[in-house]
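Participant: After the structure tokens below, expect a handful of questions from me.
The values are calculated or read from the model by the stated rules, or taken from the named source; none is laboratory data. Keep in mind that this is a model prediction, so the values were computed, not measured. With ideal geometry, Cβ positions are generated from the backbone for all residues, glycine too; neighbour counts draw on all protein chains shown.
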Amino acid sequence: MARLVDRRMGVFLAALFVLTVALPVASSAAAGELVPAYLVSLVGKYLCYALLAVALDLGWGFCGILSLGHGAFFALGGYAMGMYLMRQIGPRGVYGDPVLPDFMVFLNWQELPWFWLGFDRFWFAALMVMAVPGLLAFVFGWFAFRSRVSGVYLSIITQAMTYALMLAFFRNEMGFGGNNGLTDFKDILGLDLTAASTRTGLFVASAVALAAGLLVARWITASRLGRVLVAIRDAEERARFLGYRVEHYKLFVFTVSAVMAGVAGALYVPQVGIINPGEFSPANSIEIVIWVALGGRGTLVGAALGAMLVALAKTLLTGWLPELWLFALGGLFVLVTLWLPRGVLGALEDGLAQLRPARTGAREEVRA
Amino acid sequence: MKIVLALPLRPFPAALLTALVLMLPALMLPSAGRAAGFEELVARLPEGSYSDRAEVIEAIARTGDPRAAEVLGALLEGSLHVRKADGRVVIIEKTDAGTVAFDALTGEALGAVAGRSTEKIKVNNRLRGMLRSAIGALSLMSPDRETRLMAAQSVFASGDPANIEALDAALSAESDREVATALAEARAVAILNTDAPVEEKRAAVAILRARGDAAAQAALAPHASDPAIGNEVTAALAEIERVRQMWGVAQNVWYGLSLGSVLMLAAIGLAITFGVMGVINMAHGELVMLGAYTTFAVQEAIRGAAPWLFDWSLLIAAPLAVLVAGGVGIAIERGIVRHLYGRPLETLLATWGVSLILQQAVRTIFGPNNREVGNPSWMSGSLEIGQMTVTWSRLWILIFALCVFAALLLVLRRSFFGLQMRAVTQNRPMAAEMGIDTGRIDALTFGLGAGIAGLAGVALSQIDNVSPNLGQSYIVDSFMVVVFGGAGNLWGAFAGAFGLGIVNKFLEPWTGAVLGKILVLVFIILFIQKRPRGLFALRGRAVEA
Amino acid sequence: MDRRSFLKTGAAASAMLAAPALVRAQGAGPIKVGVLHSLSGTMAISETTLKDVMLMLIEEQNRNGGLLGRELQPVVVDPASDWPLFAEKARELIEKDQVAAVFGCWTSVSRKSVLPVFKELNNLLFYPVQYEGEESERNVFYTGAAPNQQAIPAVDYLMSEDGGSVERWVLAGTDYVYPRTTNKILEAYLKSKGVAAEDIMINYTPFGHSDWQTIVSDIKAFGSAGKKTAVVSTINGDANVPFYKELANQGISAEDIPVVAFSVGEEELAGLDTSPLVGHLAAWNYFMSVDTPENADFIAKWHAFIGDESRVTNDPMEAHYIGFNMWVKAVEKAGTTDPDAVIDAIIGVSVPNLTGGCSTMMPNHHITKPVLVGEIQEDGQFDVVWETPGLVVGDAWSDYLPDSAKLIADWRAPMSCGNFNVELGRCGGGA
Amino acid sequence: MSGSLLYLSGVGKSFDGFRAIDNLSLVVFPGELRAVIGPNGAGKTTMMDIITGKTRPDEGEVFWKESVDLTRADEVETARLGIGRKFQKPSVIESLTVAENLELALKGPRGVAARLFGRRGETEAREIARLLALVRLEEARDAPAGSLSHGQKQWLEIGMLLAQDPELLLVDEPAAGMTDAETMRTAELLREIAGRHAVVVVEHDMEFVRALGCKVTVLHQGRVLAEGSLEHVSANPEVIEVYLGR
């Protein structure tokens, strides 16, 4: 039985901790704003992506479920949080309507749709952030896994799922603000969203959530259940003939992973200030897969790393050489799949492993 | 004088009334005076507002001057200009030498004109309608059958009672049955707009009821409340509506087929790469896009070099598109996919990367805007089958799609390449044993899929945007089709495409386009539960992912 | 994107890199101007041109001695048609690059996404696209048309005798906020003009809808009721080409059923063979065909800059032209680029537009514009067939929506409020 | 048939026209060792698929201990009933260690929660050690299964089968790709196992079958051609015809 926190995890968590402490301090007025304040929210956003990547890796890296629709769970979590934030605006909307969000007012809706009820309470929203994606994943998975839809077919229908949701949320009748989505948030838990302190709070929350996500994922994969998952990933038939109800295991992992994605989305929305159906677009979901592949499938930490690397590259390139951004991203996908089958982290550790005589690095790779 | 008598009795634009009153002196005088009136009127065309121009046009039509048709025609086509220098009204003609002007009245050649020295006499929709009806009335007697038919139709559209006697004259002279019917229908519409005796109107209603299409409906509808003939009209309308309902179903089926053909074109290439090779080619959409841009390039070249070739542009573009897309496809296979066999998910990622690169490449080369791809004459317009409109472009695309499908079946079933391909699909090592160069076959297969994507692009360029985003908008649908139909089976793709197309089109009227699409997706998801390998599942090792 | 402007962007970008990230106060040195338009992704199709226009305008301004004796320096970033990225990039422009003002955004959602950033960091956004209205923010200047500067006049024209005295209306749009709102407003307006409910058909389609067969034939059927029918199209960019192709192929001519569009300009037509579309209309505040010296000059400069005679100009480009000149004038007036000063100075600033008049920045941060209705010609240009006698003032809050009719916007002291509720007599909402 | 562990009667199955199994009947008693031989396409693998619930027969009955209808069970249920299967192609979980592979197979709770919270106990550790010794993989204990030789993988899989402690083992061509020594060793192993478990071995290799020295069933075109001792069946003219025929 592997330790819960192996070296790889330890290093990453330590680094994450340092970052979490250092960044807010450095950006604070006290430290004379060594780094621009906007970095806090920016990195906070990266952390949410990282958590999302970890969620996907849990399913894909350890159970072979390649979901091309994980963006959907992320977005649903985001919408749940967004609805809470909309309700928080209260009478401060441009029309000063005490209850209805602005977009409902000028499309003259008369009253709040039933599914918006309760979102004025944080605990309820927080619950929904996990329940909605979890439930969707459970129902979807229950159908799909029971009838043994797997591999590419599963991937394609997950894509169909997120695509359908995107179209649905674009419809204004749905009552989620259509293409404009939910925006113009004011505050969360009574704290002003634009305040530096709130930003820092959200940033730290994201970091904690990421750490927690990593540990949970690690705990699952390192447990005896983790071994069953690997068995399912590598030899599904075998696992069945050993008497394991493969669909139950897949369902479990898929649901957990969806809940994680939901949490990531919920933390993401207040930091970027908008949630819109674009988050459901199949392209986004595919990008998530890229993060994981880049970082190293089945390594959790690698997934988080990959997400942050790509996000960083996006931030930089779209600033420096806008026209080249897609070339770079596209090239990245190709190169990684061709020459880094085990991702950046894998390559890194192979490098280290060669330096050190002990094969532990490789061993854990194998186990993970 | 019939006109003048009829005048106050008709619901008639005030402008026209004044125009006619204004024309009275001219009408009194013999032909010379008319001619003068004509010239004076033409000279007045450039002046004033559109309403003023309307009056003048009506007046010109009234003169019945032989030159009227030509002048009004020029005005309609926007080739009637006024010379800024001396306000002379001229007809502009664009020749290879440059633009030359002719006097609108005398037809005297005035030589070449510089771009800004003349100004176009503008018309708007209302005037265009007016002009068509006027020209129609004037050309009802034209020797050319087509012209007469067109004329009759435009007179029908105008429903202007002023044309009645012109129509009567034409009818008495007309020999061709089709034209005669058209004339009769036009007359019927006009009659309804007069206060002709009830029997006459009843007859008119009957004629229109017999015609029984949207136009007839439009012509009848306003008279539903007419106390005299209201019942006949409502009955006729109901009848027409009933017939159109029936045709509506046929129309929907056609729309479904047409949509299906587009889906199939987009998906069939995928059915090969994904189905037969088990390779998920996310760049498929971009290969389609390449095909479309090839068409654009070809047309550009033709516009520049040999405009007379334009109608052939698609036929020229098709093989080129196959080469371009196929070539890129083979490059992708050799460069990337080859290294990833047996790792379908990695292939998915790599090809997605390729798709991004291709997109941005096109954006950098051709710019991000839509590009114009024209329809050749034989692909524009539509033909009416009963109450059903079948647009040529979509009809050809359907035919084209079926041909591609048939050709593909032939290649796979009959050709040696097809044989080798199936051999490799079924059992790679065995095929290798038998001395088949599996690598080459893979490359060719992939190239084939890509080439067909290119063909799809040629077709799609006729009905959709040609922009860097073209591919993206089809990739998801294509995958749905392949998965729904069952990978590895062309018939699957066939059934999948047309099935989804028709379902979609029958849903659309009920649910609206957006919800319809969503329902189709949900349906696919549920369907896959029942048949995890699609409609026509292929047994065997081929598609194990 | 052609090489020329590509190099420019490169230059701009590298310049931006060179600039240290932590410059605080705006001392001497160049004044930075942010350009926030998508250069990749689905919106690049429309926005890339606007980026080029901004580069052109800035280049020209520098040739004329810059601003306040300082050089203007464009900072181009690519929000890649990704809405959250818009917010991130806006923040980057303002905090990292310390730009004095930002010109950008196309879709409403991108504007909504950056809005909080501009409010929080108190900077200026010039938004050049026609939009649904229902907004007036202290930090945003809306140089595009509000519904009353496009939709309503167009409908008036169609109802007039010249327009064909239309009695029956199809409101077709892509299913997002701009069409929804515009159609709500139009519906209310039409009804106020005594149009019966059964004479109005409303239809929505998804983004990038490409199969228009059913809808076009529905329109055809709707139009065969004997009353003159017109289509008011708020269909979004990409879906237009297949829509018009279907119209043409099903033989719906402008004389039978004219289509007036609010999102179709010269750029969109560039992707089409317009000969079957002659007579269909568009309502804008600018057409490339407008025959004025300013316009001729602008087009000449544009062609020279982009190095391609075939490139067209369109309404949002003019909006940027107006917006940029207003900003320049306001900065000169205020003698500083400080946002607060500019916000105070810019109201009432009046600059020539390209249609021969002068546009003025109104207290509600919308501008005055003429409204032109044009008919499509064979050459892909529009012939202006009608225009408003005078300039129309952009109305932030529509009078045809019950809840927004109560609101007015005036950013001058003492009111300085974007949504003053005249019924309650107080500045409603949080803004 | 009374006391039977596995009972097939009149079973038939065809794949788009091709008759893979045709009126097949077979009875296996507890603790019995049985070899099934037959040319390619004789339906050996399909038979195993039917027994383990991977494939549903078109007709006929399949009973487990005279009571459980196996035609209604799926792989997981049959596995839990106590039917273990070893595939022709050794299928071990390559990225797990040998020990982990065995641990996966060990008899015990198969539920999600149990696996998630469960820990490896003393008895299990001992059991694993015993199995490692039995299949002679002690020194490979912590090596990833992927690094084993073909023969070792075969044994590991047999080990995993034993770990399940099933009442019936279905073993598909265990000797494939083994050295003679290994082959003999495997035969020996299977004979040891038999008695406590019923074992059905499918094999081509006549040497191996002889080494098993047990009752032999000859399948041909999905039917039982002959049954009895190896000597008896190999004397059967039909069998000779079939084997020489190919």
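Participant: State which residue is surrounded by the most Cβ atoms within 10 Å (Cβ to Cβ) when the search covers only segment A:170-197 and only residues that are at the interface with chain C (Cβ under 7 Å from one of its Cβ atoms) and hydroxyl-bearing (Ser, Thr, Tyr). Show your work before the answer.
Facilitator: So in segment A:170-197, the residues at the interface with chain C (Cβ under 7 Å from one of its Cβ atoms) come out as A:170-172, A:178-181, A:183-184, A:186, A:194.
Checking the rest, the ones that are also hydroxyl-bearing (Ser, Thr, Tyr) come to A:183, A:194.
Numbers: A:Thr183: 27, A:Thr194: 16.
The extreme case among them is A:Thr183.
Participant: If I filter segment A:103-117 down to residues being touching a residue at least 60 places away in the same chain (Cβ under 8 Å), in a helix (DSSP H, G or I) and surrounded by fewer than 24 Cβ atoms within 10 Å (Cβ to Cβ), which single residue comes out as farthest from the other protein chains (Cβ to nearest Cβ)? Lay out the reasoning, then the answer.
Facilitator: Kept after step one, since they are touching a residue at least 60 places away in the same chain (Cβ under 8 Å), are these residues of segment A:103-117: A:103-104, A:107, A:109, A:113, A:115.
Filter again for in a helix (DSSP H, G or I), leaving A:103-104, A:115.
Within this subset, residues satisfying the condition of being surrounded by fewer than 24 Cβ atoms within 10 Å (Cβ to Cβ) are A:104, A:115.
Values: A:Met104: 10, A:Phe115: 17 Å.
Result: A:Phe115.
Participant: A follow-up question, please. Please go through segment A:12-48 and pick out each residue that is over 19 Å from A:Thr198 (Cα atoms) and touching a residue at least 24 places away in the same chain (Cβ under 8 Å).
Facilitator: A:Phe12, A:Leu13, A:Leu16
Participant: Can you tell me which residue is farthest from the other protein chains (Cβ to nearest Cβ) among those in segment C:187-234 that are surrounded by 17 or more Cβ atoms within 10 Å (Cβ to Cβ), in a loop (DSSP other than H, G, I, E, B) and hydrophobic (A, V, I, L, M, F, W, C)?
Facilitator: Among those that are surrounded by 17 or more Cβ atoms within 10 Å (Cβ to Cβ), in a loop (DSSP other than H, G, I, E, B) and hydrophobic (A, V, I, L, M, F, W, C), it is C:Val195.
Participant: Can you list the strands (runs of 3 or more DSSP E) found entirely within segment D:16-132 that contain at least 1 residues being in contact with a helix residue (DSSP H, G or I) (Cβ under 8 Å, 6 or more places away or on another chain), under 30 Å from A:Ala222 (Cα atoms) and within 14 Å of chain A (Cβ to nearest Cβ)?
Facilitator: D:83-86
Participant: While we're on this one: With the requirement that a residue be assigned to a loop (DSSP other than H, G, I, E, B) and under 17 Å from the mean Cα position of the chain (by Cα), what does segment C:27-57 give you?
Facilitator: First, pick out the residues of segment C:27-57 that are assigned to a loop (DSSP other than H, G, I, E, B): C:27-30, C:37-43.
Passing the criteria: C:His37, C:Ser38, C:Met43.
Participant: Take C:Glu71 and tell me if it is without any contact (Cβ under 8 Å) to a residue 60 or more places away in the chain, within 14 Å of C:Lys32 (Cβ to Cβ) and facing chain A (nearest Cβ under 7 Å).
Facilitator: Details: without any contact (Cβ under 8 Å) to a residue 60 or more places away in the chain: yes; within 14 Å of C:Lys32 (Cβ to Cβ): yes; facing chain A (nearest Cβ under 7 Å): no.
Here the answer is no, as C:Glu71 does not meet what is asked.
Participant: Go through segment A:211-270 and give me each residue that's of a type in the set (Ser, Thr, Tyr) and in a helix (DSSP H, G or I).
Facilitator: Narrowing segment A:211-270 to residues of a type in the set (Ser, Thr, Tyr): A:221, A:223, A:244, A:249, A:255, A:257, A:268.
Within segment A:211-270, A:Thr221, A:Tyr249, A:Thr255, A:Ser257, A:Tyr268 meet the criteria.
Participant: Sticking with this one: What helices (runs of 4 or more DSSP H) completely inside segment B:387-433 contain at least 1 residues that are in contact (Cβ under 8 Å) with a residue 24 or more places away in the chain, within 14 Å of chain C (Cβ to nearest Cβ) and of a type in the set (Lys, Arg)? Break it down into steps so the answer makes sense when it comes.
Facilitator: Numbers: elements: B:392-414, B:416-426, B:428-433.
Of the helices (runs of 4 or more DSSP H) lying wholly inside segment B:387-433, those with at least 1 residues that are in contact (Cβ under 8 Å) with a residue 24 or more places away in the chain, within 14 Å of chain C (Cβ to nearest Cβ) and of a type in the set (Lys, Arg) span B:392-414.
Participant: Only one residue in C:Gly335, C:Gly374, C:Gly357 is more than 24 Å from C:Lys32 (Cα to Cα) and surrounded by fewer than 22 Cβ atoms within 10 Å (Cβ to Cβ). Which one? First the steps, then the outcome.
Facilitator: Working: C:Gly335 fails: more than 24 Å from C:Lys32 (Cα to Cα); C:Gly374 fails: surrounded by fewer than 22 Cβ atoms within 10 Å (Cβ to Cβ).
Going through C:Gly335, C:Gly374, C:Gly357 in turn, just one is more than 24 Å from C:Lys32 (Cα to Cα) and surrounded by fewer than 22 Cβ atoms within 10 Å (Cβ to Cβ): C:Gly357.
Participant: While we're looking at this one, here's another question. Kindly evaluate B:Leu75 against the criterion of being modelled with pLDDT of 85 or more and of a type outside the set (Val, Ile, Thr). Walk me through it before giving the result.
Facilitator: Values: modelled with pLDDT of 85 or more: yes; of a type outside the set (Val, Ile, Thr): yes.
Yes: the conditions hold for B:Leu75.
Participant: I'd like to check which helices (runs of 4 or more DSSP H) are fully inside segment B:134-227 and have at least 2 residues that are loosely packed, with under 15 Cβ neighbours inside 10 Å. Explain how you work it out, then say what you get.
Facilitator: Working: elements: B:145-158, B:164-173, B:177-192, B:198-211, B:214-220.
In segment B:134-227, the matching helices (runs of 4 or more DSSP H) lie at B:145-158, B:164-173, B:177-192, B:198-211.
Participant: Right, here's the next one. So which residues in segment B:283-318 are outside any helix (DSSP H, G or I) and surrounded by 24 or more Cβ atoms within 10 Å (Cβ to Cβ), if there are any at all? Can you show your working first?
Facilitator: The initial filter retains those residues of segment B:283-318 that are outside any helix (DSSP H, G or I), namely B:283, B:306.
Scanning segment B:283-318 gives a single hit, B:Ala283.
Participant: May I pose another question? Just for segment C:80-101: of the residues that are of a type in the set (A, V, I, L, M, F, W, C) and assigned to a helix (DSSP H, G or I), which one is surrounded by the most Cβ atoms within 10 Å (Cβ to Cβ)?
Facilitator: Start the filter on segment C:80-101 by keeping residues that are of a type in the set (A, V, I, L, M, F, W, C), which leaves C:80, C:83, C:85-87, C:90, C:93-94, C:99-101.
Now drop any that are not assigned to a helix (DSSP H, G or I), which leaves C:83, C:85-87, C:90, C:93-94.
Values: C:Trp83: 27, C:Leu85: 23, C:Phe86: 31, C:Ala87: 26, C:Ala90: 29, C:Leu93: 28, C:Ile94: 27.
If we take residues in segment C:80-101 being of a type in the set (A, V, I, L, M, F, W, C) and assigned to a helix (DSSP H, G or I), then C:Phe86 is surrounded by the most Cβ atoms within 10 Å (Cβ to Cβ).
Participant: Still on this structure, I have one more. Which of the residues belonging to segment C:58-79 are closer than 30 Å to A:Tyr46 by Cβ and either outside any loop (DSSP other than H, G, I, E, B) or over 22 Å from the mean Cα position of the chain (by Cα) (or both)? Walk me through it before giving the result.
Facilitator: Step one: list which residues in segment C:58-79 are closer than 30 Å to A:Tyr46 by Cβ, which gives C:73-79.
C:Gln73, C:Pro74, C:Val75, C:Val76, C:Val77, listed by residue number.
Participant: Under 30 Å from C:Lys89 (Cα atoms), buried (at least 24 other Cβ atoms within 10 Å of the Cβ) and within 14 Å of chain C (Cβ to nearest Cβ): does that describe A:Met81? Steps first, answer last, please.
Facilitator: Values: under 30 Å from C:Lys89 (Cα atoms): yes; buried (at least 24 other Cβ atoms within 10 Å of the Cβ): yes; within 14 Å of chain C (Cβ to nearest Cβ): yes.
Criteria met by A:Met81.
Participant: Still on this model: Considering C:Thr49, C:Thr9, which residue is under 29 Å from C:Ser108 (Cβ atoms) and at pLDDT below 50?
Facilitator: It is C:Thr9.
Participant: For the list (1) surrounded by fewer than 18 Cβ atoms within 10 Å (Cβ to Cβ); (2) in contact (Cβ under 8 Å) with a residue 60 or more places away in the chain; (3) under 30 Å from D:Ala129 (Cβ atoms), I need the number of the one condition that D:Phe29 fails.
Facilitator: Status for D:Phe29: all satisfied but (3).
Participant: Pick out the one residue from A:Thr162, A:Thr200 that is at pLDDT 90 or above and away from chain B (no Cβ under 14 Å). Spell out the reasoning first.
Facilitator: Values: A:Thr162 fails: away from chain B (no Cβ under 14 Å).
Unique residue meeting the criteria: A:Thr200.
Participant: Oh, and also: Can you confirm whether C:Asp162 is of a type outside the set (Phe, Trp, Tyr), surrounded by 24 or more Cβ atoms within 10 Å (Cβ to Cβ) and within 11 Å of chain B (Cβ to nearest Cβ)?
Facilitator: Numbers: of a type outside the set (Phe, Trp, Tyr): yes; surrounded by 24 or more Cβ atoms within 10 Å (Cβ to Cβ): no; within 11 Å of chain B (Cβ to nearest Cβ): yes.
Against the criterion (of a type outside the set (Phe, Trp, Tyr), surrounded by 24 or more Cβ atoms within 10 Å (Cβ to Cβ) and within 11 Å of chain B (Cβ to nearest Cβ)), C:Asp162 does not qualify.
Participant: Another one. Out of the residues in segment C:391-406 that are over 22 Å from the mean Cα position of the chain (by Cα) and more than 7 Å from chain A (Cβ to nearest Cβ), state the one that is nearest to A:Leu107 (Cα to Cα).
Facilitator: Step one: of segment C:391-406, the residues over 22 Å from the mean Cα position of the chain (by Cα) are C:402-403, C:405-406.
When the remaining residues are screened for being more than 7 Å from chain A (Cβ to nearest Cβ), the result is C:405-406.
Details: C:Ala405: 13, C:Lys406: 15 Å.
The residue in question is C:Ala405.
Participant: To continue, here is another question. Does D:Ala176 fit the bill of being touching a Lys or Arg at 6+ places or on another chain (Cβ under 9 Å) and away from chain A (no Cβ under 12 Å)? Working first, answer last.
Facilitator: Working: touching a Lys or Arg at 6+ places or on another chain (Cβ under 9 Å): yes; away from chain A (no Cβ under 12 Å): yes.
Here the answer is yes, as D:Ala176 does meet what is asked.
Participant: Could I ask something else about it? Within segment C:209-237, can you find the residues that are without any contact (Cβ under 8 Å) to a residue 40 or more places away in the chain, in contact with a helix residue (DSSP H, G or I) (Cβ under 7 Å, 6 or more places away or on another chain) and under 24 Å from B:Val514 (Cβ atoms)?
Facilitator: First, pick out the residues of segment C:209-237 that are without any contact (Cβ under 8 Å) to a residue 40 or more places away in the chain: C:209-214, C:216-218, C:220-221, C:224, C:226.
Filter once more, keeping what is in contact with a helix residue (DSSP H, G or I) (Cβ under 7 Å, 6 or more places away or on another chain): C:209-214, C:216-217, C:220-221, C:224, C:226.
Correct list: C:His209, C:Ser210, C:Asp211, C:Trp212, C:Gln213, C:Thr214, C:Val216, C:Ser217, C:Lys220, C:Ala221.
Participant: Being within 14 Å of chain A (Cβ to nearest Cβ) and free of Cβ contacts under 8 Å to residues at least 12 places away in the same chain is the filter here; which residues of segment B:278-307 pass it?
Facilitator: none
Participant: Hey, another quick one. Among what's in segment C:410-431 and is more than 10 Å from chain A (Cβ to nearest Cβ) and part of a strand (DSSP E or B), pick the residue that is farthest from A:Pro98 (Cα to Cα).
Facilitator: In this case the residue turns out to be C:Asp410.
Participant: Under 30 Å from C:Phe207 (Cβ atoms), surrounded by 19 or more Cβ atoms within 10 Å (Cβ to Cβ) and in contact with a Lys or Arg (Cβ under 7 Å, 6 or more places away or on another chain): does that describe A:Val272?
Facilitator: Details: under 30 Å from C:Phe207 (Cβ atoms): yes; surrounded by 19 or more Cβ atoms within 10 Å (Cβ to Cβ): yes; in contact with a Lys or Arg (Cβ under 7 Å, 6 or more places away or on another chain): yes.
The answer is yes for A:Val272.
Participant: When you look at A:Phe138, is it in contact with a Ser or Thr (Cβ under 6 Å, 6 or more places away or on another chain), among the hydrophobic types (A, V, I, L, M, F, W, C), part of a helix (DSSP H, G or I) and over 25 Å from A:Gly278 (Cβ atoms), yes or no?
Facilitator: Values: in contact with a Ser or Thr (Cβ under 6 Å, 6 or more places away or on another chain): yes; among the hydrophobic types (A, V, I, L, M, F, W, C): yes; part of a helix (DSSP H, G or I): yes; over 25 Å from A:Gly278 (Cβ atoms): yes.
Against the criterion (in contact with a Ser or Thr (Cβ under 6 Å, 6 or more places away or on another chain), among the hydrophobic types (A, V, I, L, M, F, W, C), part of a helix (DSSP H, G or I) and over 25 Å from A:Gly278 (Cβ atoms)), A:Phe138 qualifies.
Participant: Then there is this: Within segment A:271-314, which residues are part of a helix (DSSP H, G or I) and at the interface with another protein chain (Cβ under 7 Å from one of its Cβ atoms)?
Facilitator: Looking only at segment A:271-314, we keep the residues that are part of a helix (DSSP H, G or I), and these are A:271-272, A:277-280, A:282-295, A:301-314.
Within segment A:271-314, A:Val272, A:Gly278, A:Pro282, A:Ile286, A:Val289, A:Ile290, A:Ala293 meet the criteria.
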